Amino acid sequence: MIDLLLGLQWGDEGKGKIVDVLTKDYDIVARFQGGPNAGHTLIFDGHKHVLHTIPSGIFHEKSMNVVGNGVVIDPVIFKKELDNLAKHHIDYKSKLLISKKAHLILPTHRLLDAASETMKGKAKIGSTLKGIGPTYMDKTGRNGFRIGDLQFDNWEEKYRNLTQKHLKMIDFYDVDIDFDLKELENEFFEALEVLRTLQFIDSEEYINNAMVSGKTILAEGAQGSLLDIDFGTYPFVTSSNTTAAGACTGLGVAPNKIGEVFGIFKAYTTRVGSGPFPTELFDEDGERMAKVGNEFGATTGRARRCGWLDLVALKYAVQINGVTQLMMMKGDVLSGFDTLKVCTTYNYKGKEIDFFPYNIEEENVSVNYTEIKGWHEDLTKMSKADELPQSLNNYISFVEDFVGVPVKIVSVGPDRKQTIKV
Ligand code: GDP
Ligand code: IMO
Ligand code: MG
């Protein structure tokens, strides 16, 4: 069986932290979609690590880490991640496996991302500009460049042809973006040589064999359900299926092999980049969440927008993913509010609704809140369920009743140790 861990909001729920906490119970951790648009933060033993493409199980001695076929890899960023691991004396070569079917992000994919965003002007998606959209476009357009292509003699010719096409497309966009292709390519080719020293495998074969031999596997999602290409707030989404189904296609596992689906959410909501966000706050409550929660993107450093917990959206994400257990993050950030608000219905085109509709832009949706008493205790030093304040337990019960799934982990700080089983 394979368990999944998925973000239920707009990303940055704390997936990296929880995967790191759970890894001791798994033989294999696998990423199945997304790429270096992700930034997963792990904090333990006084060190902070941010991973973009490498699975968050890499710091554990025994577990293997697989970058699945659904992931898109930028060798330049991957190399930087490896350099950081080497600095911390992590022997990554023996426990990092890369799918031959994973697609490569070329330097010109990144340029295309920038050109597309520049052309969109005010309507831009707020992409991380890592080349994610253009790389997945080449994948579904059947023009992509895969890790496995590197084994063929003509790989460089393939690279040149694709790059030439991209340069023509950039011309077509007719926007001003500065770049020095030679410099980008030097960096890219150098990083490719490092990548080649790793193990490239048929990861679907590896994962399925591992399941047969009774190994435990955790699939680590990137982004969040509301950024899913099909079910998110399109077009302000990423270019992959971030939801449970993405783990099947992104690793080659059958749906009936899925065990637990861990759904992870912040006790409030954040979003980085553009797009609708019904519970967004523009007042001092929102500023307080941003400040106390240190809400800055782990990949781009951009300030994250903050707002109250949206239970309509959370219930939608639980449904689409088949979540079996919830994990609530950053409860510590909400300490000190007398009253908390959670969104329980939307007003949509003149009607009160309790589901996530086609369009949730401000002109179509406004929110209705239920107020819940807050807590004032400092949670960050707590380590046992019975220490948690009653008001926090009531908040959790409200969420559980609303979405119909139990909360099993409460996170009370960024460190690996600040994690409470409830
Ligand atoms: P991911 O992309 O889902 O892995 O999440 P990120 O790493 O991008 O963002 C989560 C941020 O919240 C990181 O800075 C974490 O160190 C931090 N964090 C995770 N859990 C908690 C928590 O329970 N409390 C606090 N205060 N910070 C947390
Ligand atoms: P993790 O895994 C939060 C957002 C971007 C932008 C949109 C599209 O750390 O939770 P893209 O670069 O994919 O073209 O950007 O998606 N986005 C994320 N937001 N966390 C992430 O990953 C994200 N990955 C992409 O900000 O709005
Ligand atoms: Mg993140």
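The values are calculated or read from the model by the stated rules, or taken from the named source; none is laboratory data. Small disclaimer: the values here were computed from a predicted structure and weren't measured. Backbone-built Cβ (ideal geometry, glycine too); neighbour counts: all protein chains shown. These accessible areas exclude ligands, DNA and RNA; they are computed on the full protein's heavy atoms, side chains included. Shrake-Rupley method; radii C 1.70, N 1.55, O 1.52, S 1.80 Å.
Just a few scattered comments:
- Were the residues from N186 through N359 laid out at 0.36 nm apart, the gain over their Cα-Cα distance would be 57.9 nm.
- Annotation: for a label point projected 7 angstrom from Cα along Cα→Cβ of K80, residues of segment 9-52 with backbone N closer than 17 Å are 35-42, 48-52.
- About the Cα centre, charge dipole magnitude for the chain (Lys/Arg +1, Asp/Glu -1 at Cβ), debye: 600
- The chain - accessible surface per residue (Å², probe 1.4 Å): 43
- Sorted from greatest to least, the principal axis extents spanned by the alpha carbons of segment 25-89 come out as 31, 27, 17 Å.
- Here the convex hull built on the C-alpha positions of segment 351-399 has a volume of 134 cubic angstrom per residue.
- FRET E, pair N143, H88, Förster distance 51 Å, beta-carbon r, rounded to 0.05: 0.85
- Of all accessible heavy-atom area on the chain, the percent that carbon and sulfur account for (1.4 Å): 50
- Between Y234 and D283, residue separation times 0.36 nm minus the direct Cα-Cα distance comes to 15.0 nm.
- At an R0 of 51 angstrom, the distance between the Cβ atoms of T339 and K257 translates into a FRET efficiency of 0.70.
- The slack in the chain from D401 to F44, taken as 0.36 nm per residue of separation less the alpha-carbon distance, amounts to 125.2 nm.
- A Förster radius of 41 Å combined with the Cβ-Cβ distance from D178 to K349 puts the calculated FRET efficiency at roughly 0.35.
- Rg ratio for segment 224-323: its Cα radius of gyration over 2.2 N^0.38 Å, N being its residue count, equals 1.17.
- Between 0 and 90°, nearest 10: helix 181-195 axis offset from the chain longest Cα axis: 80
- Pairwise Cα distances in the chain exceed 38 Å in 20 percent of cases.
- Between helix 203-212 and the chain: long-axis angle, C-alpha atoms, 0 to 90°, nearest 10: 50
- 0 to 90° range, to nearest 10: angle between helix 311-321 axis and the chain longest Cα axis: 50
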